[in-house]
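Comments concern the structure below.
Laboratory data are not the source of any read-out in this text; all were calculated from the coordinates shown. Please read all numbers here as calculations on a predicted model, not as lab measurements. Here Cβ is always computed from backbone atoms with ideal geometry, including for glycine, and neighbour counts include all displayed protein chains.
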Amino acid sequence: MAFPADRPRRLRTSRAVRDLVAETTLRPRQLVLPLFVREAATEPVPIASMPGVVQHTRDSLRKAVADAARAGVGGVMLFAVPATKDAVGSAALDPEGVLTVAIRDVVAEAGDALVVMSDVCLDEFTDHGHCGVLDERGEVDNDATLEQYAQMAVVHAEAGVAMVGPSGMMDGQVGAVRSALDTAGHTDTSILAYSAKYASALYGPFREAVGSSLVGDRRTYQQDPANAREALREALLDVGEGADAVMVKPASGYLDLVPLLRAHVTVPVAAYCVSGEYSMVEAAAANGWIDRDRAVLELLTGIRRAGADIVLTYWATEFAPRLG
Ligand code: PBG
């Protein structure tokens with residue numbers, strides 16, 4: 001009988017040896033927590049499709065950020081739910097608007113302990129729900145939108161944000177934001193570019209989270225799930241325009257893009273474990289169909305194993321204390 005000469009199982013025989021040879025680390029500082037703040041809310045508002053996630057009040061947002069910092073989470077990404085919307089998303093540019101006020105609050109609360117990031121996009125602020133302004137035919141007007149993003153980023157930088165996340169998938173958005181920031185003297189404000197953001201059904205729960213008014217889809221600006229080379233093209237363009245880090249989104253289903261980008265850019269690569277990924281696990285766990293804790297750790301570890309330096313996840317604060 002020929003016994004195997006090499007026995008990979010030897011390195012799996014105990015917890016200690018498994019830990020010793022583990023190739024992938026998952027650390028609290030590598031996690032970024034996305035958070036929602038709702039204008040004029042007096043109580044945190046639960047998001048039905050994302051059990052455990054809420055639209056925060058100003059106060060509960062500060063507390064959530066303090067909790068994240070205490071857990072060692074590396075950053076927070078802020079999204080807003082404004083009280084008023086219009087065709088051009090004016091509230092997004094208001095220095096006293098909900099997102100800007102939230103940035104100031106959060107920077108004061110924990111700006112030294114973690115990286116405060118903000119979403120630079122119009123979809124929460126437009127009454128049609130698109131990520132940009134529309135032209136007379138009702139199509140998203142790329143270049144007119146760039147001007148809005150540029151101003152929005154400067155307003156956020158003035159409020160003290162460390163990193164802005166342009167997420168609208170407009171061509172040239174990183175360059176427009178970079179040059180506006182620099183012109184306004186914010187050369188130290190960095191850009192986390194949503195480079196490879198796909199037109200995904202997995203954003204469904206997020207749209208409830210931000211009270212999106214979108215009718216239709218975002219297929220004329222977000223990427224086609226069938227394409228990978230295009231993600232590399234987007235990421236290289238973003239780096240050329242001044243991105244300090246690039247992102248793949250969603251994470252599940254798109255993990256092949258993480259090593260692709262990792263191999264071709266020298267900036268950090270982030271991946272966003274989006275609302276639908278969160279909700280799928282939570283729903284299955286609530287039904288007793290899946291071991292929640294193991295599933296979450298497995299998903300997040302998989303994103304790191306694929307090569308992501310930074311992982312955006314709604315589970316950040318809860319799971320950070322459990323990471324080695
Ligand atoms: C757009 C934006 C979206 C998400 C983050 N930024 C939604 C969209 O493109 O429709 C989705 C995040 C998630 O699903 O968790 N500002």
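For the reader, a short list of remarks on this structure follows.
Here's the yes/no breakdown for (1) over 30 Å from residue 319 (Cα atoms); (2) buried (at least 18 other Cβ atoms within 10 Å of the Cβ); (3) within 16 Å of the ligand (Cβ to nearest atom):
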position	(1), (2), (3)
81	no, yes, yes
116	no, yes, no
119	no, yes, yes
149	yes, yes, yes
153	yes, yes, yes
175	yes, yes, no
186	yes, yes, no
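- In the condition set (1) exposed (fewer than 15 other Cβ atoms within 10 Å of the Cβ); (2) under 21 Å from residue 124 (Cβ atoms); (3) of a type outside the set (Gly, Ala, Ser), residue 230 is compliant with all but (2).
- Of 240, 185, 216, 204, all but one fail to be farther than 30 Å from residue 296 by Cβ and in a helix (DSSP H, G or I); the exception is 240.
- Condition check for residue 107: touching a helix residue (DSSP H, G or I) at 6+ places or on another chain (Cβ under 7 Å) and away from the ligand (no atom under 15 Å from the Cβ): no
- Residue-level check: of (1) more than 16 Å from the ligand (Cβ to nearest atom); (2) farther than 20 Å from residue 250 by Cβ; (3) assigned to a helix (DSSP H, G or I); (4) not small (Gly, Ala, Ser), residue 317 misses just (1).
- Residues that are among the aliphatic types (A, V, I, L, M) and either buried (at least 24 other Cβ atoms within 10 Å of the Cβ) or in a loop (DSSP other than H, G, I, E, B) (or both), drawn from the range 126-145: 133
- Among the residues of the range 258-297, just one is aromatic (Phe, Trp, Tyr) and more than 16 Å from the ligand (Cβ to nearest atom), namely 289.
- Members of the range 205-255 that are more than 26 Å from residue 87 (Cβ to Cβ), within 15 Å of the ligand (Cβ to nearest atom) and over 15 Å from the mean Cα position of the chain (by Cα): 224, 225, 234, 253
- Selection count, the range 148-184, where residues are among the polar types (S, T, N, Q) and under 26 Å from residue 113 (Cβ atoms): 1
- Scanning the range 86-114 for residues being more than 12 Å from residue 316 (Cβ to Cβ) and in contact with a strand residue (DSSP E or B) (Cβ under 6 Å, 6 or more places away or on another chain) gives a total of 7.
- For residue 308: the one exception among (1) more than 14 Å from residue 205 (Cβ to Cβ); (2) within 16 Å of the chain's Cα centre (by Cα); (3) part of a helix (DSSP H, G or I): (3)
- The number of residues in the range 73-100 being among the hydroxyl-bearing types (Ser, Thr, Tyr), assigned to a helix (DSSP H, G or I) and touching a helix residue (DSSP H, G or I) at 6+ places or on another chain (Cβ under 7 Å) comes to 1.
- Residue within the range 257-275 that is among the charged types (D, E, K, R) and out of contact with any strand residue (DSSP E or B) (no Cβ under 7 Å at 6 or more places or on another chain) present: no
- Each residue in the range 165-219 was checked for being under 24 Å from residue 254 (Cβ atoms) and among the hydroxyl-bearing types (Ser, Thr, Tyr), and 8 of them qualify.
- Taking every residue in the range 48-61 that is touching a residue at least 60 places away in the same chain (Cβ under 8 Å) and buried (at least 17 other Cβ atoms within 10 Å of the Cβ) and pairing it with any residue that is aliphatic (A, V, I, L, M) and not in a strand (DSSP E or B), at least 6 positions away or on another chain, the pairs with Cβ-Cβ distances below 8 Å are 49/209; 50/209; 53/47; 53/209; 55/41; 55/47; 55/209.
- The range 191-221: number of residues that are touching a strand residue (DSSP E or B) at 6+ places or on another chain (Cβ under 7 Å) and either surrounded by fewer than 20 Cβ atoms within 10 Å (Cβ to Cβ) or farther than 21 Å from residue 264 by Cα (or both): 6
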